[in-house]
Amino acid sequence: MFAIQSPQQSSRSETEKTTDNCTPNILPCRIHHDGPTGSISRYWTPVSDENDKNTQTAFFRGRRLRGRRVAIPEGYQGIVAMPTERLLPSTQNKSANEEVEQDDPVKVLEKQATFDEIVVWGHEAVPASDDTFVKGVEEWAKMAKVVGGYLAIDLPIVLFHTLMMG
């Protein structure tokens, strides 16, 4: 199980205390890098289409990519979170006579950024509505709403772990 927490004061500099807003990009390739880059605009400059603002075009490593913006459903927030070695302290208040069942440790994910939309990219063509990532965002949120309503609880969502931010 995971718990999402804001960054600790010691892990970020004075200028980075607030959580950033970003737009994650789901690329149709593998990049052997995980984390921020120094000058992303040198390598990544998506341009919105004139006729459809939900469609973008970019070139990456010489290949033309077409992107589709997918909004995070209302009532949800996209979060970019990084794993930490920290564990959430246990909150068990059992007396000495009661048998205590050991809970699994709750690992802390540190919130790095938030987002309202993602861009799903395809080679030469805009991803269709049946694309795995597009359907995942739209259908998973609907399913979570149904399950959350059935259980009468709010279900928090972390849509992505680490992504290239644009």
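The values are calculated or read from the model by the stated rules, or taken from the named source; none is laboratory data. Bear in mind that the values here come from a model prediction, so they are computed numbers and not experimental data. Because the Cβ atoms are built from the backbone with ideal geometry, glycine has one as well, and the counts that use them run over all protein chains shown.
Kindly list, by first and then second residue, each pair from a residue in the stretch 74-100 that is farther than 26 Å from residue 113 by Cα to a residue that is among the charged types (D, E, K, R) and modelled with pLDDT under 65, limited to pairs with Cβ atoms under 8 Å and residues at least 6 apart or on different chains.
Close Cβ pairs satisfying both conditions: 100/94.
Being farther than 26 Å from residue 124 by Cβ, modelled with pLDDT of 85 or more and not charged (D, E, K, R) is the filter here; which residues of the stretch 7-32 pass it?
Kept after step one, since they are farther than 26 Å from residue 124 by Cβ, are these residues of the stretch 7-32: 7-21.
Right, trim to modelled with pLDDT of 85 or more and you get 20-21.
Correct list: 21 only.
If you go through the stretch 36-71 one residue at a time, how many are more than 15 Å from residue 128 (Cα to Cα), hydrophobic (A, V, I, L, M, F, W, C) and part of a strand (DSSP E or B)?
Adding up the residues that qualify gives 4.
Among the residues of the stretch 51-61, is there at least one that is modelled with pLDDT under 85 and loosely packed, with under 14 Cβ neighbours inside 10 Å?
First pass over the stretch 51-61, keeping only residues modelled with pLDDT under 85: none.
Within the stretch 51-61 (the criterion being modelled with pLDDT under 85 and loosely packed, with under 14 Cβ neighbours inside 10 Å), the answer is no, since none of the residues qualifies.
Under the condition of being surrounded by 14 or more Cβ atoms within 10 Å (Cβ to Cβ) and more than 14 Å from residue 23 (Cβ to Cβ), which residue from the stretch 62-84 is nearest to the chain's Cα centre (by Cα)?
Only one residue fits best here, namely 81.
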